[in-house]
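As structure tokens, the structure follows; a few thoughts come after it.
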Amino acid sequence: MEDIEFNISVKNGNVGSRKKKIRKIPKKTIEKCKRYEDKDPLLKKFKRPCNHSGKSFKCNNSKLPDIKLLRKSFYSTCIKSDQDVKLSYMISVGPVERKRTCKPNPRKRFFNTLYHLAPKKETRPTRVCLKFLVKALGITERRVNSNKIQFGFSSPATDICALCNRLKYQIKMEKDPNKKSDLIVKHRIHNKRAKAFYELARASPPDSLTFCFDMQVQPLPRTPINDAFYAQQVSYYVLCCVDMQAKAPTFYTWTEDMAGRGFVEVSSALLDHLNSLDLSNKQKFVSFVMGAEGKIKMPM
């Protein structure tokens, strides 16, 4: 057979005129950056609000070049969370130095808020007053006070009976008298069932052990460490086991990075609670989940 030669030529193919899409920055992001950028980088509108030069405050020791350097470091980013992290390093807490006051009904203070300025890491921080800190950084006092950690609860309220709440609103909004009377009857039957449940829970035979348990989930405040990891708030779980007389409760606490809140974790806590009790002459035990309707209940 004759050898057949193949001439194969390799060329650059026609890729086409595909253009890379340029991602446009949203208008809200641009407006947000403009909101938190430095409005007066040269300090032309800066005026000293005080003349403190004593032992407590040394606001006069801060010169204009130091304030410019501080503002340049503070406004190096227009992201509010990053600025708040830098602002948190300028705020500290100390003991209350002065407890006397001239007011008739004074509020009892448990700590004293201190404000410091440190343009460079090598320099020693200078203690200043709140007004000087606000003017030096070009921010408001409300923003400084909002950095205090406060625990909040969700709104609307979650620790309520969803069925009761739904029936109440349906009774208010219903215009048909027949349907309204049916809703009122449903609400009364639901309340009677709830009263029967609590009567059953209060009844404690001598040969049985009765207790109730409930779990609460509290989101912890956000921490300024590793914002990418703490973008979601860490949950704090609290499981309470107590007898029907509400005496001598036992609490089990952990965070979601230690364990979840599933059937295994709750069962292990209940087993530990039973092992700590005196089960002599007890033939059975009854447990109640104290939670409002609509909450996630464990399949016990």
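The values are calculated or read from the model by the stated rules, or taken from the named source; none is laboratory data. Here the structure is a predicted model, which is why all the values come from computation and not from measurement. Quick reminder, even Gly has a Cβ in these numbers, built from the backbone with ideal geometry, and neighbours come from all protein chains shown.
In region 7-46, what residues are loosely packed, with under 10 Cβ neighbours inside 10 Å, hydrophobic (A, V, I, L, M, F, W, C) and at pLDDT 55 or above?
Ile22, Ile25
What number goes with the only condition from (1) more than 34 Å from the chain's Cα centre (by Cα); (2) at pLDDT 85 or above that Ile4 does not pass?
Tallying (1) more than 34 Å from the chain's Cα centre (by Cα); (2) at pLDDT 85 or above, Ile4 fails exactly one: (2).
Please tell me if Met298 is modelled with pLDDT under 75 and touching a Ser or Thr at 6+ places or on another chain (Cβ under 9 Å). Please lay out each step first, then the result.
On the way: modelled with pLDDT under 75: yes; touching a Ser or Thr at 6+ places or on another chain (Cβ under 9 Å): yes.
So Met298 passes the test.
Restricting to region 31-64, give me the number of residues that are more than 30 Å from the chain's Cα centre (by Cα) and without any contact (Cβ under 8 Å) to a residue 40 or more places away in the chain.
Residues flagged as more than 30 Å from the chain's Cα centre (by Cα) and without any contact (Cβ under 8 Å) to a residue 40 or more places away in the chain within region 31-64 amount to 12.
Output yes when any residue across region 144-164 is of a type in the set (Asp, Glu), at pLDDT below 85 and surrounded by 10 or more Cβ atoms within 10 Å (Cβ to Cβ), and no when none is.
In the first step, residues of region 144-164 are kept if they are of a type in the set (Asp, Glu); the result is 159.
Restricting the remaining residues to those that are at pLDDT below 85 gives 159.
The next check asks that each one be surrounded by 10 or more Cβ atoms within 10 Å (Cβ to Cβ); those that pass are 159.
Yes.
Go through region 61-114 and report how many residues are among the polar types (S, T, N, Q), surrounded by 10 or more Cβ atoms within 10 Å (Cβ to Cβ) and modelled with pLDDT under 75.
1
Take region 162-201 and flag every residue that is over 38 Å from the mean Cα position of the chain (by Cα) and among the small types (Gly, Ala, Ser).
If the condition is that a residue be over 38 Å from the mean Cα position of the chain (by Cα) and among the small types (Gly, Ala, Ser), then Ser181 is the only one that fits.
Which residue pairs have Cβ atoms under 6 Å apart, sit 6 or more places apart or on different chains, and have a first residue in region 266-293 that is under 15 Å from Asp243 (Cα atoms) and outside any helix (DSSP H, G or I) and a second that is at pLDDT below 75 and charged (D, E, K, R)?
Going by the 6 Å Cβ cut-off, the qualifying pairs are Val289/Lys297.
A quick yes/no check of all residues on (1) in contact (Cβ under 8 Å) with a residue 24 or more places away in the chain; (2) in a helix (DSSP H, G or I); (3) in contact with a helix residue (DSSP H, G or I) (Cβ under 9 Å, 6 or more places away or on another chain); (4) not assigned by TED's automatic domain parsing to the domain that holds Val286:
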{"position": "Cys164", "(1), (2), (3), (4)": "yes, yes, yes, yes"}
{"position": "Leu167", "(1), (2), (3), (4)": "no, yes, yes, yes"}
{"position": "Ile171", "(1), (2), (3), (4)": "no, yes, yes, yes"}
{"position": "Lys179", "(1), (2), (3), (4)": "no, yes, yes, yes"}
{"position": "Leu183", "(1), (2), (3), (4)": "no, yes, yes, yes"}
{"position": "Lys186", "(1), (2), (3), (4)": "no, yes, yes, yes"}
{"position": "His190", "(1), (2), (3), (4)": "yes, yes, yes, yes"}
{"position": "Lys195", "(1), (2), (3), (4)": "no, yes, no, yes"}
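Could you give me the residue pairs with C-beta distances under 7 Å whose first residue belongs to region 230-247 and is exposed (fewer than 14 other Cβ atoms within 10 Å of the Cβ), whose second residue is modelled with pLDDT under 70 and among the basic types (Lys, Arg) wherever it lies, and which are 6+ apart or on separate chains?
Listed pairs, sorted by first residue: Gln233/Arg222.
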